[in-house]
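All remarks here apply to the structure that follows.
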Amino acid sequence: MGNSMVTHNKYKSFMFFIRKYKVTELVPPQDLKEVFSKFTGGGSYVSAEQLHQFLVEHQAEKDCTLLDAEKIVKKVLQIRIRPQQETVNVDEKNIEQKLTLDDIFYFLRMDDFNNPLKAEVHHDMNAPLSHYFIYAGHNSYLTGNQLSSDCSEKPIIKALQRGVRVIELDLWPTFNKDDIKVDHGWTLTTPVSAIKCLESIREYGFVASQYPIIITIEDHLTRDLQAKFAEMATQIFGEMLYYPETDCLTEFPSPESLKNRVIISTKPPKECFEHNSIKDNDNFLMLSGSESSSSSESRGKESPDSMTGVKIEGTMAGVKFEGPMAEAKFEGPMAEVKIESTNGSDCDEGDINTWECDHKSYQRCSPDYKRIITIRNRKLKGSLKDKLKIDGELRRLSWSETTLEKASESHGADIVRFTQKNILRVYPNLTRVKSTNFKPHIGWMYGAQMVAFNMQGHAKPLWLMQGMFKANGGCGYIKKPPCLMQEHPCDNEFDPKRKQPVKKKLKVKVYMGHGWNLDFSPTHFDKFSPPDFFTKICIVGVPADYAKKKTKVVIDNWFPVWDEEFEFPLTVPELALLRIQVIHKDQGKGDFGGQTCLPVSELKLGFRSVPLYNKKGEKFKSVKLLMQFQFE
């Protein structure tokens with residue numbers, strides 16, 4: 001494989017010297033030349049029939065028809081030849097409907113036609129909701145950090161446009177107690193109207209997917225405002241709002257049956273509701289050391305969300321913090337604030353008895369509000385094993401990432417069994433004030449349907465989340481693998497931390513990359529020369545499958561050619577993600593050149609054009625890799 005020179009780039013070197021670098025044009029890799037020769041019988045052109053054979057046999061496009069191949073030939077010829085028609089009148093019927101090797105090479109680099117993932121929904125969507133991983137957001141209304149950013153409907157709209165299916169709203173009374181606002185309570189965030197949020201959900205909820213939207217509510221409302229919210233939701237959503245005819249569901253409805261519907265999930269109100277103190281366990285500021293650090297942090301690393309050095313002034317001043325938030329400095333009047341919760345969704349079940357009631361403040365709950373709740377967030381008393389019992393009515397649990405990690409150490413099998421019929425929501429620790437996220441696999445590998453993420457971040461965990469939900473046509477619902485749904489005998493229960501036999505081997509070949517010269521300025525990566533690119537390839541999944549590899553560095557080239565192959569043995573391929581990142585080698589950590597994450601179980605085989613994304617998860621216009629995927 002090689003590149004052919006077409007021109008030169010000029011870069012200033014030191015003060016006066018100008019250095020020339022070759023700008024090269026990509027040529028087909030040797031593997032493609034051999035495959036082309038095989039299907040053409042050594043000829044120079046491939047017909048529609050031969051292309052069809054190539055697509056079915058080598059690219060494993062089993063559903064591809066001869067008509068599809070003919071359309072591809074026509075489309076490629078239109079793109080490759082038709083520009084001549086602007087100056088010369090060419091009769092399409094007289095153009096031979098065959099493609100050259102260069103035409104095929106061009107076609108394989110078009111991600112519109114040759115994407116590594118299926119673009120359509122192809123999972124069985126008729127199972128209960130508990131059988132699916134669901135694209136879930138946390139504090140969906142926040143524009144930035146958890147303490148002082150604005151609340152707005154805009155991040156909700158953006159999340160829905162990206163296919164997120166679970167939107168979280170924290171409902172609070174306004175100052176005059178006569179209306180409802182969405183706000184991150186007891187912080188410096190500025191509120192947004194609940195009506196604006198609901199109207200945005202109605203307007204943008206189904207632009208990316210027809211499958212149901214679940215609104216998880218953290219409820220701090222009085223009885224009257226609960227009734228007002230029920231009326232508000234009913235009027236805004238109309239027939240879009242789904243609620244069950246019975247209080248006792250034996251199984252959740254399916255995504256297919258809930259297309260274009262909105263459902264509500266929160267704790268059902270008790271007959272006694274109003275207490276003299278406001279509780280909000282999600283914002284409970286007297287943190288313990290155990291809740292304030294994740295497993296990775298407990299190994300001696302400072303949490304990325306630690307509030308060390310953060311100075312906050314105003315109403316939260318004087319609050320005492322423990323753990324990684326101990327060095328936060330607050331100034332002002334509200335010393336030693338204690339915040340508890342009446343009906344918050346972001347509180348670990350069993351941490352605080354949220355159903356304690358001051359009988360002097362006894363009030364009846366709103367029947368309309370209770371009626372619109374489809375997925376009920378309930379806790380059971382007793383031990384952790386008791387809380388995970390699967391008999392009785394269906395319910396949802398909400399756990400922090402740390403609670404799940406600790407519970408999984410001794411009750412992993414119980415969690416998997418619980419999530420086969422019920423729903424588990426896992427949310428970021430309170431200490432993640434910068435709106436960072438945790439590794440999502442700690443939830444997925446135990447069957448947690450709602451791994452709730454802060455969608456306004458830009459780091460690797462969010463890339464993994466975005467990559468996972470590219471599966472199943474990007475509809476926001478992914479059928480859980482059989483290993484998480486089968487009722488195993490006690491001695492053969494699925495344990496993601498126990499090493500399993502290798503099921504298959506994934507072979508990944510990285511041929512080349514292109515498009516940086518179109519999407520970046522000539523001096524973006526280096527002021528004095530073209531970039532020095534290399535590619536990192538990682539497998540992220542159950543602990544036994546984790547692997548990290550990288551290509552060589554290609555020096556001074558906007559069109560790097562690596563031509564390197566890597567092999568990954570996989571024990572649970574259904575939960576594995578292939579993380580790809582291109583980096584410009586620099587003296588420091590290197591400059592970001594693009595990334596993507598692909599669900600391994602969804603990979604299309606053969607030569608594939610892999611588009612890359614920026615740190616925000618937005619697709620680059622031109623940057624792509626040519627790769628090949630094979631399973632053994």
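The values are calculated or read from the model by the stated rules, or taken from the named source; none is laboratory data. In this text the structure is predicted, and so the values were computed from the model without any measurement. FYI the Cβ positions are ideal-geometry reconstructions off the backbone, even for glycines, and counts take in every protein chain you see.
Structure above, values below:
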{"quantity": "Matching option when the condition is assigned to a loop (DSSP other than H, G, I, E, B), in the same structural domain as Leu404 (by TED's automatic domain parsing) and without any contact (Cβ under 8 Å) to a residue 24 or more places away in the chain, among Gly457, Gly447", "calculated": "Gly457"}
{"quantity": "Test: Lys470 is modelled with pLDDT of 95 or more, outside any loop (DSSP other than H, G, I, E, B) and in contact with a strand residue (DSSP E or B) (Cβ under 7 Å, 6 or more places away or on another chain)", "calculated": "no"}
{"quantity": "Among the residues listed as Lys270, Lys181, the single one being of a type in the set (Lys, Arg), farther than 30 Å from Met125 by Cβ and modelled with pLDDT of 95 or more", "calculated": "Lys181"}
{"quantity": "Filter result (surrounded by 14 or more Cβ atoms within 10 Å (Cβ to Cβ) and either polar (S, T, N, Q) or assigned to a strand (DSSP E or B) (or both)) within the range 233-256", "calculated": "Thr234, Leu241, Ser254"}
{"quantity": "Given (1) touching an Asp or Glu at 6+ places or on another chain (Cβ under 9 Å); (2) in contact (Cβ under 8 Å) with a residue 60 or more places away in the chain, index of the condition Leu169 fails", "calculated": "(2)"}
{"quantity": "Wholly within the range 120-183, strands (runs of 3 or more DSSP E) carrying at least 1 residues that are among the aliphatic types (A, V, I, L, M), buried (at least 23 other Cβ atoms within 10 Å of the Cβ) and more than 17 Å from the chain's Cα centre (by Cα)", "calculated": "166-173, 180-182"}
{"quantity": "Members of the range 445-475 found to be buried (at least 21 other Cβ atoms within 10 Å of the Cβ) and over 12 Å from the mean Cα position of the chain (by Cα), listed by number", "calculated": "Met445, Tyr446, Gly447, Ala448, Gln449, Asn472"}
{"quantity": "Selection from the range 583-598 of residues that are more than 21 Å from the chain's Cα centre (by Cα), outside any loop (DSSP other than H, G, I, E, B) and surrounded by 18 or more Cβ atoms within 10 Å (Cβ to Cβ)", "calculated": "Ile583, His584"}
{"quantity": "Some residue of the range 186-200 being loosely packed, with under 14 Cβ neighbours inside 10 Å, assigned by TED's automatic domain parsing to the domain that holds Ile390 and not in a loop (DSSP other than H, G, I, E, B)", "calculated": "no"}
{"quantity": "Residue match in the range 599-611 (condition: among the small types (Gly, Ala, Ser), within 23 Å of Glu61 (Cα to Cα), assigned to a strand (DSSP E or B) and touching a helix residue (DSSP H, G or I) at 6+ places or on another chain (Cβ under 6 Å))", "calculated": "yes"}
{"quantity": "Exclusive hit being in contact (Cβ under 8 Å) with a residue 40 or more places away in the chain, in contact with a helix residue (DSSP H, G or I) (Cβ under 9 Å, 6 or more places away or on another chain) and among the hydrophobic types (A, V, I, L, M, F, W, C), set Ile390, Ile372, Ile415", "calculated": "Ile372"}
{"quantity": "Within the range 522-537, considering residues that are among the hydroxyl-bearing types (Ser, Thr, Tyr) and at pLDDT below 95, the one surrounded by the fewest Cβ atoms within 10 Å (Cβ to Cβ)", "calculated": "Thr523"}
{"quantity": "Residue check for Gln420: surrounded by fewer than 18 Cβ atoms within 10 Å (Cβ to Cβ) and either at pLDDT 90 or above or assigned to a strand (DSSP E or B) (or both)", "calculated": "yes"}
{"quantity": "Counted residues, the range 538-561 - those being surrounded by fewer than 20 Cβ atoms within 10 Å (Cβ to Cβ), touching a residue at least 24 places away in the same chain (Cβ under 8 Å), closer than 30 Å to Pro481 by Cβ and aliphatic (A, V, I, L, M)", "calculated": "1"}
{"quantity": "Complete set of residues in the range 349-401 that are under 22 Å from Ile442 (Cα atoms), in contact with a Phe, Trp or Tyr (Cβ under 9 Å, 6 or more places away or on another chain) and modelled with pLDDT of 95 or more", "calculated": "Leu397, Ser398, Trp399, Ser400, Glu401"}
